[in-house]
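The values are calculated or read from the model by the stated rules, or taken from the named source; none is laboratory data. Please read all numbers here as calculations on a predicted model, not as lab measurements. Please note: Cβ atoms are built from the backbone with ideal geometry, for glycine as well, and neighbour counts cover all protein chains shown. SASA here: full protein model, heavy atoms, side chains in, ligands and nucleic acids out. Shrake-Rupley method; radii C 1.70, N 1.55, O 1.52, S 1.80 Å.
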Amino acid sequence: MEQDSRCTAERELFETVSMMTTFATTSPSDEEQNQPEAEISCQARKENPEKDDSQDSSAFLSPNSSMTTKELQEYWKNEKRQCRQVKLLFEIPSARIVEHHLSKYVMYKIIILQTGSFDSSKSVIERRYSDFEKLHRNLLEEFSEEMEDVTFPKKTLTGNFTEEIINERKLAFKDYLRLLYSMKYIRRSKKFIDFLTRPELREAYGCLRGGQYTKALEIFLEVIGLQERLTRGNPVSVIPTLCAIVVCYKDLENPASAFEYGEKALSRLHMYTSHRYYMPLLETMITLAYELGKDFLSLQEKLEEWKRKKDPIRVFTLKELAVREYVQ
C-alpha cells in the first residue's frame with residue numbers, strides 16, 4: 001500500500017512537471033519575455049467589446065523551457081507574489097445636503113483606502129444617490145448574472161433628507177461598493193472605474209481646457225493614484241492622465257516635474273509604440289530633455305525609428321490630445 005502511494009505521488013509530480021514544461025515550451029517570443037514588469041497583466045480580464053487603448057495590455061510573461069523543476073516552482077511562487085491584487089477598502093464616514101437652485105440632494109463622502117497603506121494613499125470623492133443608481137443600471141446591463149444577488153437601496157417618496165435615512169444609506173452604499181469590488185469582472189470594468197474617477201477627470205480636463213493649469217494639476221495628481229490602483233493590470237489606461245500632468249507642469253514652467261511624469265508614461269508605452277500618445281509624448285520629452293540638459297539623442301532616435309515604421313500622417317501635439325479628452 002505504501003509503495004502504491006509513493007508511486008502515485010511520483011506519477012502526479014511527473015505529470016505536473018510535464019504540464020509546466022509544456023507550457024514553458026509554448027511560451028511567447030523573446031520580445032514578450034523581455035517585457036517590463038510594470039506592463040505585465042497579472043490576471044486575465046473579461047473581454048470588453050469596446051475598442052480602446054486598454055486592450056493593448058494583454059501580454060504575459062512565461063517561464064523559460066530550460067528551467068529546472070525547482071526553478072519553475074520558484075518562478076510561479078514569485079509570479080503569484082507579484083500578481084497579488086491590491087486590496088481597496090471603501091468607507092463613507094459622512095454626507096452633506098446640497099441645495100442648488102430648485103434641486104436638493106445628498107452628497108456622500110467616499111474614502112478609498114489601500115490596505116496596509118498610510119493615509120497619504122487614500123482617495124476622497126463625493127457621489128450622490130443618482131450617481132450610485134446610474135452605476136447600478138449600467139452594471140446590470142453588462143453583468144446581469146453577477147449582479148443577481150446584489151441589492152440596491154430603494155428610493156423613498158419622503159424622508160430622504162432625514163438623519164436616519166442618510167445613515168442607513170451610508171452603510172448600504174459602503175456595503176454595496178465592497179461587494180462590487182469583491183467581484184473581479186466588475187472591479188475591472190470600465191463602468192465601475194468610471195464611477196470612481198470620471199467626474200474628477202472631467203473637471204480636471206475642463207480646467208485644463210480653460211487654462212487653469214494649477215487647479216487641473218491638483219485634481220489630476222489626486223486621481224492618478226486611484227486610477228493606478230484600480231487598473232493595476234492595465235498600466236496603459238493611465239497614459240492620458242499622465243500625459244495631462246506633463247502638459248500642466250510644462251505650461252506651469254516646471255520642466256523637471258513634466259519630464260518626471262513623461263518618463264513614467266514612456267515606461268508604460270515601451271511595448272505599445274502604436275499608441276496615439278506615443279509620438280506626441282516623445283516629441284514633448286525631446287523638448288524637455290533639451291531644456292533640462294538631459295540626453296535627448298536617444299529619444300530622438302526612437303522618434304526617427306517610429307517615423308520610419310509608420311506612414312506620414314498628421315499627429316496631434318501632446319497638448320492637443322489632452323484637451324480633446326472627455327469632450328462630449
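Among 177-188, 226-237, 134-145, the peptide with the highest mean count of other Cβ atoms within 10 Å heads the list, and the full ranking is 226-237, 177-188, 134-145.
Does a label point 7 Å from the Cα of ASP251, set along Cα-to-beta-carbon, have any residues of the stretch 208-222 with amide nitrogen under 15 Å, and which are they? So the set is 208-221. A 1.4 Å probe run over the stretch 87-188, with the rest of the protein chains in place, finds 63 Å² accessible per residue. Database remark: amide H of ILE110 closer than 5 angstrom to the amide H of ILE125, GLU126, ARG127 (H placed geometrically; neighbours at sequence offset of 5 or more, or on other chains; Pro and chain starts carry no H). Accessible surface for the stretch 196-324, divided over its residues, is 48 Å² per residue with a 1.4 Å probe. The phi-based Karplus calculation (6.51 cos²θ - 1.76 cosθ + 1.60; θ = phi - 60°) puts the 3J(HN,Hα) values of the stretch 224-235 at 4, x, 5, 4, 5, 6, 6, 10, 4, x, 9, x Hz, whole numbers, x for Gly and Pro. Using R0 = 56 Å, the C-beta based FRET efficiency linking TYR105 and ASP295 works out to 0.55. Subtracting the Cα-Cα distance of THR317 and PHE161 from 0.36 nm times their residue separation leaves 51.3 nm of extension gain. Once the chain from GLU222 to SER267 is taken as fully extended at 0.36 nm per residue, the excess over their C-alpha distance is 14.1 nm.
Between the stretch 258-328 and the stretch 184-250, the alpha-carbon centres lie 19 Å apart. Rolling a 1.4 Å probe over the protein heavy atoms of the stretch 196-324, with every protein chain left in place, gives an accessible area that is 48 percent carbon and sulfur.
Could you tell me what percent of the accessible area of the stretch 128-179 is made up of carbon and sulfur, with a 1.4 Å probe and every protein chain present? Percent of accessible area from carbon and sulfur atoms in the stretch 128-179: 48. Sorted on the mean count of surrounding Cβ atoms within 10 Å across their residues, most packed first, peptides 148-156, 203-211 read 203-211, 148-156.
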